[in-house]
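Structure first, commentary second.
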Amino acid sequence: MTTHATFLTRSRSLLLLTLAVVAALVAACTGVEPAPDPTPGTEPSSPFDPTTTTTQPTGPLLAYRAADEIGLVDGTRVVATVKGTFPTSNDLITTEDRRFVFARTEDNRLATLDVVTRRGSIRPVTVGPTLGTSGDSAVVWWEQPDRLMRLDLSDPDAAPQVAQTVALPPAAGVPPGAPRLVVARGGTAVLARVEAPPSPFGGPDTLYAVRGPGPPAPLGQADANSPVTVARLSPDGAELAYALYRAVDGACGTAAVVQSKADGTQETFEVAGADPAAGSRVTRLWWPTEGLPELSLSTWHCGAPPSAPPLVWQVVDSTIAQLSPPTSALQTAELEPGKRALLLPNTDDYAAPAGTLVYEDGGRRFPVREDVDGIAVIPPAP
């Protein structure tokens, strides 16, 4: 019996040593370290329940949207989640007061997560295909044919209300397409409608800005033959940045970025290279609380899948330039000096819209969550 027990002990020790060596080798090869163990006493009672700890966050929290949940991260720890099925999108995921994380489920329900209480639910309301924000804890969406709907998430018993009935101007020529919401933030909602004979790729869109009770302000026709689907407004809603994709065929096209300012002026930043056989597309675009828009740009050789990861660019001095130092990511978010969140692309498929959420601290990277397609920083409460 003693010999058998000794054998089991030695075998167990050998197994643990082997696993530790394998983990170290994996970290060395990938540059991503295993996440440190969470603080004792802060784990949920079940793997399917969010934590209810009252531990104060160590810094800014990070909201994320994954294929099967929305959640909150403190450092490398996932501290709260709401389960569901969430389609990939470019929607905002936090309210303007940073009190709620939200997302549309696959069956057009609204999932919400309270940042303070860390409790969430899927509300029994039907929302549109694009969600935006409209001051404090409110979210908005478009309801055909002409209504901008609003819901205040701070009231658990609130029902959707008509925020505004929008009358777009008559379109000359062909019957216009149905309006759709592109983005909403800071009291501005941007609508798109096809008002010309549509291309095989669905465009071109004509854009309108709705701000207050006055008539929609025309922003002109997008210089692209495909719909505008990637866009962001500045935090105050006064400036718009959106991506263009000029499709050549089903597998290739070129990208550009447009910045539309409050005075009505627009700048178009061409990002396509000189090689006519190269394709480019803006994968994701975001507008930090401070500073100018940033974006991730994918490039590839036409007729072949992308062989390199997307790179992060930013708008600077009336042009766009690569982030310095160069960063390969679907999205980045600055947390604190020397610390940031990265959404790393899938190395098996650089064209995939989702990737691995990683916490970077002083150059060291720790994996947090896979299959994530959107992140947003939630600053500490003052």
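No lab work stands behind these numbers, since they all come straight from the coordinates. Every value quoted in this text rests on a predicted model; they were computed, and no experiment measured them. Here the Cβ positions follow ideal geometry from the backbone for every residue, glycine too, while neighbour counts run over all protein chains shown.
Close amide H contacts of Asn225 (hydrogens built in the peptide plane, cut-off under 5 Å, sequence separation of 5 or more or a different chain): Ala247. Backbone phi angles across the stretch 85-92, fed through the Karplus curve with coefficients 6.51, -1.76 and 1.60 (θ = phi - 60°), yield HN-Hα couplings of 10, 10, x, 5, 7, 10, 5, 5 Hz in residue order; Gly and Pro are listed as x. Scalar couplings 3J(HN,Hα) for the stretch 140-157, obtained by applying the Karplus form with A = 6.51, B = -1.76, C = 1.60 to θ = phi - 60°, are 9, 7, 9, 10, 5, x, 8, 10, 9, 9, 9, 9, 8, 6, 6, 10, x, 9 Hz; x denotes Gly and Pro. Return the FRET efficiency for the residue pair Ile122, Ala274: r is the Cβ-Cβ distance, R0 is 56 Å, and the value is rounded to the nearest 0.05. According to the calculation, E is roughly 0.70. For the stretch 122-199, relative contact order (Cα pairs under 8 Å, six or more residues apart, normalised by length) works out to 27 percent.
The string of couplings for the stretch 227-234 from the Karplus curve (6.51, -1.76, 1.60, θ = phi - 60°) is x, 7, 10, 10, 7, 8, 9, 5 Hz, one whole number per residue in order, with x for Gly and Pro.
Report, to one decimal in Å, the Kirkwood hydrodynamic radius for the stretch 61-378 based on all distinct Cα pairs. Final number for the Kirkwood radius of the stretch 61-378 is 20.1 Å.
Between amide H atoms placed 1.01 Å from N, distances below 5 Å from Phe100 occur with Thr95, Val115, all of them 5 or more places distant or on a separate chain. Annotation: amide H-H contacts under 5 Å for Gly220 (H modelled 1.01 Å from N, sequence separation of 5 or more, or interchain): Leu207. Highest-first packing order for the peptide set 327-337, 257-267 is 327-337, 257-267, based on the mean count of other beta carbon atoms within 10 Å.
Net charge around Pro124, counting only other residues with Cβ within less than 13 Å of its Cβ (Lys, Arg = +1; Asp, Glu = -1)? Summing Lys/Arg as +1 and Asp/Glu as -1 gives 0.
Between Thr289 and Ala238, the modelled label-to-label distance comes to 1.9 nm, taking each label 7 Å out from Cα in the direction of the beta carbon.
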